[in-house]
Amino acid sequence: MVRRTKADALTTKHELLDAAERLFSERGVSNTSMMQVAEAAGVTRGAIYHHFENKLDLIYALMERVSLPVDEMRDELRAQLPDEPLRQLRERCLHIVHQVQHDEHMQALVNILCHKCEYVEDTLPIHLRHLSGRNECIEECVKLVELAQQQNSVSAGLDARTVVIGMFGLIDGLFYNWLLDTEYFDLSETAKHTLDTYLNGLQQGG
């Protein structure tokens, strides 16, 4: 019997994630079984259940695979632009947009969450986890808007939470429509112009 190394196990895990990402994108989460993922990755039933308990576990792992670069980006922006909250907000948005357009894993995950995941009883935990991450991000962005208001770079008469929710709606709407037809418009360029228009309207006297 051949003894598997940690490197072999890690390779298998990545192959399973790639297969899940591909099948979820093509067929949807509800229409894809664990065995179909295992077969697509060329592994046994025992192998997939060694790494992942169920489809929810697979989705969570796909989320975690793209979360580290995002977390690193946020930390870098805090360090680089500590006194420029509005610019932090802009760069955070545009970085995510760039990832969705150019990083295959991020693009696939957003496509799965937007278009390929029915939030029914079996997949409700995915919805709740997605909401939790979104709400945490909203709270961080609200603090940036409030700091910008203290600096008089955003009108004090605006509600910070409403500002952020509007911005999320703008970016999410661009993602949704671009993923329907990625050739119809350039995501990064369109996001840059629409986001700048939105943020300029928040500035004092704008």
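The values are calculated or read from the model by the stated rules, or taken from the named source; none is laboratory data. Because the structure is a prediction, the values reported are computed rather than measured. Keep in mind that these areas ignore ligands, DNA and RNA; they rest on the heavy atoms of the full protein, side chains included. Shrake-Rupley method; radii C 1.70, N 1.55, O 1.52, S 1.80 Å.
Any idea of the accessible area per residue across the stretch 93-190, 1.4 Å probe, to the nearest Å²?
So the stretch 93-190 comes to 55 Å² accessible per residue, rounded to a whole number.
Return one quarter of the surface area of the convex hull spanned by the alpha-carbon atoms of the stretch 1-125, equal to its mean projected area, in nm².
For the stretch 1-125, the mean projected area of the Cα convex hull comes to 9.5 nm².
Let me cross-check Leu128: its accessible surface, 1.4 Å probe, with only protein heavy atoms counted, in Å² to the nearest 10?
Taking all protein chains as shown, Leu128 has close to 100 Å².
Give me the number: length gained by fully extending Glu139 to Leu158, i.e. 0.36 nm times residue separation minus the C-alpha to C-alpha distance, one decimal in nm.
5.2 nm
When the accessible area of the chain is split by element with a 1.4 Å probe, what percent falls to carbon and sulfur? Please list the in-between numbers first.
Details: 5950 of 11790 Å².
Carbon plus sulfur share of accessible area: 50 percent.
At a Cα cut-off below 13 Å, give the aspartates and glutamates reachable from Lys116, other chains included and same-chain residues fewer than 8 away excluded.
Straight-line reach from Lys116, under 13 Å: Glu21, Glu26.
Pull out the extension gain between Leu68 and Leu81, defined as 0.36 nm times the separation in residues minus the alpha carbon to alpha carbon distance; nm, one decimal. Could the numbers behind the result be given before it?
Details: separation 13, 0.36 × 13 = 4.68 nm, distance 1.99 nm.
Extra length available between Leu68 and Leu81 comes to 2.7 nm.
What lysines could a cross-link reach from Lys13, if we take a straight Cα to Cα line under 17 Å and drop same-chain neighbours fewer than 8 places away?
Of all the lysines, those that pass the test against Lys13 - Cα under 17 Å, at least 8 places apart if same chain - are Lys55.
Compute the accessible area per residue over the stretch 1-91, keeping the other protein chains in place, probe 1.4 Å, unit Å².
Per-residue value: 59 Å².
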